[in-house]
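Working notes, structure below.
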Amino acid sequence: MPMLARASSWKEIVEFYTRFASVNQQCHPMRQFVSQVAASKYAEAIFPKTSMHTLIVSQVAEFEWNREILKIDCSEQEFHFEYFEQPDVEQRWAKECCATEGFSAFERSLALKKWFT
């Protein structure tokens, strides 16, 4: 049986990364990024969850951990996006960009995966 996760609200996600950024300078780009997503046109149609410091987004509110999800990690310098289509597929789509380009790279990722067509 697959492991399912239930999404959090964007408000909870923004609060989580705001708290995290208050004690970890490297998390400031992620806090800014989730604030942008929460205020964007995508917020109503994609569903967030965290796993430790990783942001996970899905097209459904309850999802499998490694199926049809986008995992997003960030350091002070860059974002790393990795798309998981199927749990047992080792080759995955991945993209890295500098921290200042996080939101635009996210939008390109959504377009590439045709989440909003």
Residue in region 87-117 that is farthest from the chain's Cα centre (by Cα), counting only those that are surrounded by 11 or more Cβ atoms within 10 Å (Cβ to Cβ), at pLDDT below 85 and not aliphatic (A, V, I, L, M) = P87
Determine, yes or no, whether I69 is within 17 Å of F116 (Cβ to Cβ), at pLDDT 90 or above and surrounded by 11 or more Cβ atoms within 10 Å (Cβ to Cβ).
-> yes
With (1) at pLDDT below 95; (2) more than 22 Å from F116 (Cα to Cα); (3) under 14 Å from the mean Cα position of the chain (by Cα) as the list, and E12 as the residue in question, which single condition is left unmet?
-> (1)
Going through region 1-29 one residue at a time, which ones are buried (at least 16 other Cβ atoms within 10 Å of the Cβ) and under 24 Å from R67 (Cβ atoms)?
-> A5, A7, S8, W10, I13, F16
Is it the case that A5 is of a type outside the set (V, I, T) and in a loop (DSSP other than H, G, I, E, B)?
-> no
For region 30-62, the count of residues that are surrounded by 20 or more Cβ atoms within 10 Å (Cβ to Cβ) and either out of contact with any Ser or Thr (no Cβ under 8 Å at 6 or more places or on another chain) or among the aliphatic types (A, V, I, L, M) (or both) equals 9
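Just to be sure, is F79 crowded, with 16+ Cβ neighbours inside 10 Å, out of contact with any Leu (no Cβ under 7 Å at 6 or more places or on another chain), in contact (Cβ under 8 Å) with a residue 40 or more places away in the chain and part of a helix (DSSP H, G or I)?
Numbers: crowded, with 16+ Cβ neighbours inside 10 Å: yes; out of contact with any Leu (no Cβ under 7 Å at 6 or more places or on another chain): yes; in contact (Cβ under 8 Å) with a residue 40 or more places away in the chain: yes; part of a helix (DSSP H, G or I): no.
Here the answer is no, as F79 does not meet what is asked.
The values are calculated or read from the model by the stated rules, or taken from the named source; none is laboratory data. It should be emphasised that the depicted structure is a prediction, and the values quoted were computed from it without experimental measurement. Virtual Cβ from ideal backbone geometry, glycine too; neighbours counted across all protein chains shown.
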